[in-house]
Structures are given as C-alpha cells and as structure tokens.
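Single-structure report; data block below.
Here, each number is a calculation from the coordinates, and none is a lab measurement. Since the model is a prediction, treat every value here as computed from it, not as a measurement. Please note: Cβ atoms are built from the backbone with ideal geometry, for glycine as well, and neighbour counts cover all protein chains shown.
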Amino acid sequence: MLSDLKGYEEVDCICETDDSPIPWCDIFAERKAEIETNPHVLIIGAGQTGLQVGARFKQRNIPALIIEQNARVGDNWRKRYPTLTLHTIRKQHEMLYAPYPSNWPMFTPRDKLADWLEQYARTQDLVVWTNSTIVPKPNYDHAQKRWDVVINRGGTEITMHPAHIVLATGGLGVPRIPELLDQESFKGEAFHASRYAGGHLYTGKHAIVVGAGNTSIDICQDLSIRGAASVTMIQRSSTCVVSKTNVAPKLAASWHDDKSPEVGDFTFTSMPLRLLKKIFQSHQEATWAEEAELHEKLKKAGLKLNIGPEGQGQLLLVFERLGGYWLDKGGAELIASGKIKIKNGAEPVRYTETGLVFSDGSELQADLVVYATGYNSIRDANKELFGADIIDETDEAIGLDEEGEFRGSYRPSGHPGLWYATGDFYVSRIMSRILAIQIKALELGLIPNA
C-alpha cells in the first residue's frame with residue numbers, strides 16, 4: 001500500500017493567518033476564487049466520500065472543486081427515510097480531521113449526520129458548489145491531459161478544464177423497481193424506498209414492503225410504530241440478520257472510543273479481507289449460536305435466515321454486496337408479536353385495485369407498496385453522464401476483486417483522469433490518502449498518466 005510521497009507529505013494544518021496581517025476571510029476568498037477558476041480536480045458529489053476526499057486533497061495542496069446536485073450539503077442523507085441511523089459505531093464513521101463531540105450518539109441518526117456534513121464542508125474550508133451538475137458528456141483531451149467539462153450551476157453553464165474528475169456519487173445508481181402488471185389499476189401508492197417520507201403519513205393504512213434488508217426492516221418498523229393497520233414484509237431471498245448489540249463490540253475492537261479512527265483504520269486494514277472471510281466462515285457455528293435468541297423469534301415468524309450466503313458474516317456483505325443483511329434494533333420483536341408479518345416463497349406479479357397478487361396465487365390488501373429493492377449499477381448512470389465509450393474503459397467501482405481488494409475505486413479506473421471514490425466512512429477516510437498520493441505523483445510526473 002502507498003504510504004507517502006517524500007517531500008510532499010500531508011501538512012498537519014494550514015495556518016495561513018499565523019504570520020499574516022491579512023484577514024482570514026480575504027485569504028480564503030482568494031484561494032476559493034483560484035479553485036473556482038482553475039481546479040486541478042473536480043469532485044462530483046458532496047456526501048461523506050466527496051468531502052473526505054476534498055479535505056484530504058486540501059492537506060496535500062491539490063486544488064479541488066466539489067459539486068453537489070442538491071441544494072445543501074447533507075441533503076443526500078436528509079432525503080432518505082426519517083428513521084435511518086448508521087449501523088456502525090461513531091468512531092468507525094468519524095470524518096477526517098473532525099472527531100465527534102464526546103456526547104455524540106453511538107449510532108448516528110440521519111439528520112445529525114446531514115448537519116455534521118454541512119458544517120464539515122465549512123470548517124474544513126472546502127470549496128463546494130451546490131445545485132450543480134455536469135452537463136453530459138465531458139470530453140477528455142489526451143494531448144493536454146485535461147477534461148473539457150461544462151458545469152450547470154443553478155442554471156448557469158460554466159466550462160472548466162480539470163486534469164482529473166473523481167466520481168464520489170456513491171456506489172449505487174438509480175432505484176431498482178420490479179415491473180408488475182396492471183399498476184395503473186392500483187388505487188393506492190407505490191414507490192421506491194428512496195421516496196419514503198415517514199410512517200406518520202400512513203396511520204391506519206395497509207402496507208407492503210418488498211425486500212428484506214436494512215431499509216425494509218427500518219421502514220416496516222416505522223410503519224408499525226406509527227400505527228399502520230397492517231405491515232407485511234415480502235422476503236424474496238434469505239437474509240443475514242444480526243443484533244446491533246453483538247455487532248458494536250466487534251467494531252469497537254478496531255475502532256475504540258479511546259483511540260483515534262486512524263488507529264482503528266490501520267488495525268482493521270491490516271487484516272486482508274479474503275483472510276477475514278475465511279476466519280468468519282470457520283466461525284459460522286459460533287455466529288449462529290450468538291444470534292440464537294434473535295433468530296428463534298424470526299424463524300417462528302417464517303423469516304428465512306443466513307449468516308452470509310457463503311457463511312462470511314454480515315461485515316463482509318457490507319464490502320461485497322452493500323446489502324443482503326440487517327442489524328436488528330427492535331424489528332424482531334415486532335415480527336415475533338405479529339405486528340410485522342412475513343411473506344416469502346412467492347414474488348409479487350401484478351396489482352389489483354386494492355393490493356398485490358403473488359406468483360403462488362395469493363393476494364394481499366395494500367394501500368401502500370414500498371419497494372426496498374435496491375439500486376441499479378452506478379455504471380448505468382455514469383454511461384448517461386460520460387458516454388458508454390468512456391465508462392466501458394473503466395473497471396467496476398464497487399465490491400471486492402479476486403484478491404479481496406476494493407474493486408475499481410481509489411486506483412486507476414482504466415480511463416486517464418477519471419477516478420472512482422466509493423465505500424463507507426472508513427473506506428474513504430483511509431483510501432483518500434492513497435488517491436491523493438497518486439494524483440500528486442501524476443502532477444509531479446513521478447508516475448505515468450493513469
């Protein structure tokens with residue numbers, strides 16, 4: 001793994017005002033104007049990944065402009081379902097250079113995270129344009145080693161020529177919704193989970209949630225607590241379910257509150273993921289036993305369980321599939337009590353006026369159908385943005401390769417000047433350093449153009 005670049009190490013702080021009579025506001029305004037005129041790197045996406053990459057680049061003196069399609073930094077979280085909380089402990093999902101206060105929740109809720117990201121962009125002095133997108137399709141000049149890219153900033157088009165574009169738009173593309181017959185006949189509401197705005201809107205309603213991962217159980221739980229007349233989860237394949245109380249201590253073994261996240265990152269990364277997978281697979285019986293009480297409740301209700309399709313456990317599924325599991329925080333009790341019902345063994349095939357018909361001929365009443373069915377590949381969205389000719393040159397951006405390394409991200413993508421940055425907080429926190437070193441080395445001519 002790349003460690004550092006001698007003579008171009010990351011600075012501990014940028015203290016432009018320490019020995020300067022010029023006010024900070026003027027210093028920042030000048031730096032901001034230079035970046036907005038001629039950024040070396042354009043980062044697309046101001047979620048946690050784009051912001052951490054931008055903060056890392058700033059400490060390496062790599063001028064970077066971040067653009068975000070939403071009106072505010074953090075809106076990519078604010079627009080998700082209201083009961084969302086992160087499923088990792090706070091030390092694991094800290095941001096670079098900005099530890100949480102000591103009284104921060106162990107599992108961060110959606111809106112606190114969104115507000116933290118917004119202030120992070122300000123306190124880290126990042127240059128972010130909101131309400132901004134790139135206009136399809138940018139052109140790469142191989143002779144100049146620069147992009148010709150047009151940015152639509154709130155309706156005004158601005159042309160720029162960065163040397164690099166970093167796609168930090170996440171690993172997920174557009175929502176995936178199964179195509180069912182006769183949708184026009186349905187009198188209720190049907191939409192993807194990305195549009196779910198809270199169970200308070202559906203008190204007294206009959207709800208069906210298709211899918212059985214984290215998003216599904218969170219929405220089912222919210223609907224039940226908010227007084228839905230009935231809530232049914234449609235499970236299409238077996239699910240890895242683990243308790244939050246068992247997961248937290250395992251994460252704390254690396255990311256302990258008394259240690260910096262950098263220590264935790266080093267500790268966790270020192271274990272190759274392929275080896276970790278083999279270790280988890282060898283401990284399957286212990287994992288089943290650890291979750292026996294939780295699983296007994298779910299099995300009685302008819303939920304089909306796994307401990308990872310290959311016995312690899314929940315943690316590896318985060319890196320391999322970005323789904324296929326849930327961390328339980330009360331949903332199992334609602335399932336055991338019958339407040340959330342489980343239906344599996346059949347797929348929904350068509351709508352009626354009042355519900356869904358399934359492949360086994362059964363029918364369920366519904367006023368609301370929510371599809372917690374995941375997302376299409378980010379490559380499809382990127383092809384619309386950059387063109388298939390460019391994206392087809394690049395590798396897959398998510399998941400693990402045959403060596404257990406992060407596939408496609410934070411390494412040369414296959415097309416010069418184009419990089420993927422994906423993964424959770426830990427991944428972008430540690431891998432942003434690798435990306436920054438590569439881009440700085442390219443700038444200095446120390447490695448060939450990627």
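Across the Cα atoms of segment 176-374, what radius of gyration and what greatest pairwise Cα-Cα distance (Dmax) are found, in Å?
18.5, 57
With both bridge residues required to lie in segment 176-374, what share of the DSSP beta bridges run antiparallel, to the nearest 5%?
On the way: 7 of 31 bridges.
Bridges in segment 176-374 that DSSP calls antiparallel: roughly 25 percent.
Out of all DSSP beta bridges in the chain, what portion is antiparallel? Express it as a percent rounded to 5.
Approximately 35 percent, going by the DSSP bridge assignments.
With r as the distance between the Cβ atoms of residue 152 and residue 389 and R0 = 22 Å, compute the FRET efficiency 1/(1 + (r/R0)^6) and round to 0.05. Show your work: numbers first, answer last.
On the way: r = 22 Å, r/R0 = 1.00.
Efficiency for this residue pair is about 0.50.
In whole Å, what is the distance between the alpha-carbon centres of segment 51-101 and segment 282-330?
The two parts, judged by their Cα centres, are 29 Å apart.
Please identify the DSSP H helices in the chain that span no less than 24 Å along the helix axis (Cα) and have a mean Kyte-Doolittle hydropathy of 0.0 or more.
425-444
In Å, what is the Rg of the alpha-carbon atoms in segment 166-268, and how long is Dmax?
My reading of the Cα-based Rg and Dmax gives 18.7, 57 Å.
Quote the FRET efficiency, to the nearest 0.05, computed for residue 256 versus residue 396 with a Förster distance R0 of 35 Å and r equal to the Cβ-Cβ distance. Provide the component values of the computation, followed by the final result.
Values: r = 33 Å, r/R0 = 0.95.
That pair, residue 256 with residue 396, gives E of 0.60.
Take peptides 55-65, 399-409 and line them up by average Cβ neighbours within 10 Å, highest first, as a rough protection proxy.
Final packing ranking: 55-65, 399-409.
Per the helix-only calculation at 222 nm, which mean residue ellipticity applies to the chain, given -39500 (n - 2.57) for every DSSP H run of n ≥ 4 and division by its residues, nearest 500 deg cm²/dmol?
-9500 deg cm²/dmol
Rank by packing, highest mean first: peptides 210-219, 247-256, with packing defined as the count of other Cβ atoms within 10 Å averaged across residues.
By packing density, highest mean first, the sequence is 210-219, 247-256.
Of (i) 28; (ii) 24; (iii) 19, which is the value of percent of Cα pairs over 38 Å apart derived from the coordinates here?
Given (i) 28; (ii) 24; (iii) 19, the structure-derived one carries the label (i).
Can you pull the one-decimal nm distance between simple spin-label points at residue 305 and residue 282, each 7 Å off the Cα toward Cβ?
Each label point lies 7 Å from its Cα, and together they span 2.5 nm.
Mind ordering 168-176, 22-30 by average Cβ neighbours within 10 Å, highest first?
168-176, 22-30
Applying 1/(1 + (r/R0)^6) with R0 = 51 Å to the Cβ-Cβ distance of residue 296 and residue 29, what FRET efficiency is obtained, to the nearest 0.05?
Once rounded, the FRET efficiency stands at 0.25.
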